[in-house]
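For reference, the structure is listed below as structure tokens.
What follows is calculated from the coordinates using simple rules that are stated; it is not laboratory data. Because the structure is a prediction, the values reported are computed rather than measured. Because the Cβ atoms are built from the backbone with ideal geometry, glycine has one as well, and the counts that use them run over all protein chains shown.
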Protein chains: 2
Amino acid sequence: MVVVQVGEDEVDRLFQALADATRRDIVSRVLVAEYTVSGLAEQYAMSFAAVQKHVAVLERASLVTKEKRGREQIVRGRVDAVQRARRLLDEYEHIWRQRIDRIGDLLAEDASDQD
Amino acid sequence: MVVVQVGEDEVDRLFQALADATRRDIVSRVLVAEYTVSGLAEQYAMSFAAVQKHVAVLERASLVTKEKRGREQIVRGRVDAVQRARRLLDEYEHIWRQRIDRIGDLLAEDASDQD
DNA sequence: CTGAACTACAACCATACGGTTGTACGTTAC
DNA sequence: GTAACGTACAACCGTATGGTTGTAGTTCAG
């Protein structure tokens, strides 16, 4: 089977983390440069705690890492998680291509294929 | 800029739709073959209405289409939506590569680059 | 040492989500 | 025409989500 062998709930967390504009913006920022949590919070019109929660969601989804440096916490983006998400979508496209191939097969053979 | 020009809430819907294992399974099925809604519902240990809701979420995210045929509704996967999601993630990787390039620049030049 | 800065976390609120059951309506079959 | 099928949708429930404020613990500066 072509089904990916990553934990389903892990994938859930990945896409769920990406399903918020603020979080996607955070990801694109921390992929470019390092930010402290408060440095990120300054960028958005919401409370510090709200941004803190967003970062926590991203961390649980492995999209960012936090590293304590003195009294501040450095946030960095993890491109490998992004790549994994992209690869999952690649698989869907691959499945779809097989469908196209199968249509070709059906046209070539008899139409007696059901399951 | 490399920033994609798709509505943010549209992207929200896309990733949010993908953030559920049942919905991802539906997508992979309807990318391979056509299903009726009740045909899909048979595949899962949940009520028909629950599956119906999942399909509605996928439809709102443009990941599937529904086409009425007689008394049944045919569900098909839209690979273009999958591709768009994949392309969004591609951009994140691209941003990340630019960061790598920038690090190279900093090493080559003087370290007087801040913003 | 004291105060300010950075973070963590709990409590709370409104809303959305995933699931259920029940009802209603168009379509097919007999 | 009637019964069964496929679908749509509303109402409801428990829980998760995204936001807030408030409190408390570390760490840095003076």
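Checked against (1) assigned to a helix (DSSP H, G or I); (2) surrounded by 14 or more Cβ atoms within 10 Å (Cβ to Cβ); (3) within 16 Å of DNA strand D (Cβ to nearest atom), B:Arg86 meets all criteria but (3).
For the range A:51-67, the criterion of being at the interface with chain B (Cβ under 9 Å from one of its Cβ atoms) and in contact (Cβ under 8 Å) with a residue 12 or more places away in the chain is met by none of the residues.
Restricting the range A:4-58 to residues that are of a type in the set (A, V, I, L, M, F, W, C) and not in a helix (DSSP H, G or I) leaves a set whose member that is surrounded by the fewest Cβ atoms within 10 Å (Cβ to Cβ) is A:Ala45. Note on the range B:61-92: residues that are closer than 30 Å to A:Leu31 by Cβ and of a type in the set (Asp, Glu) amount to 3.
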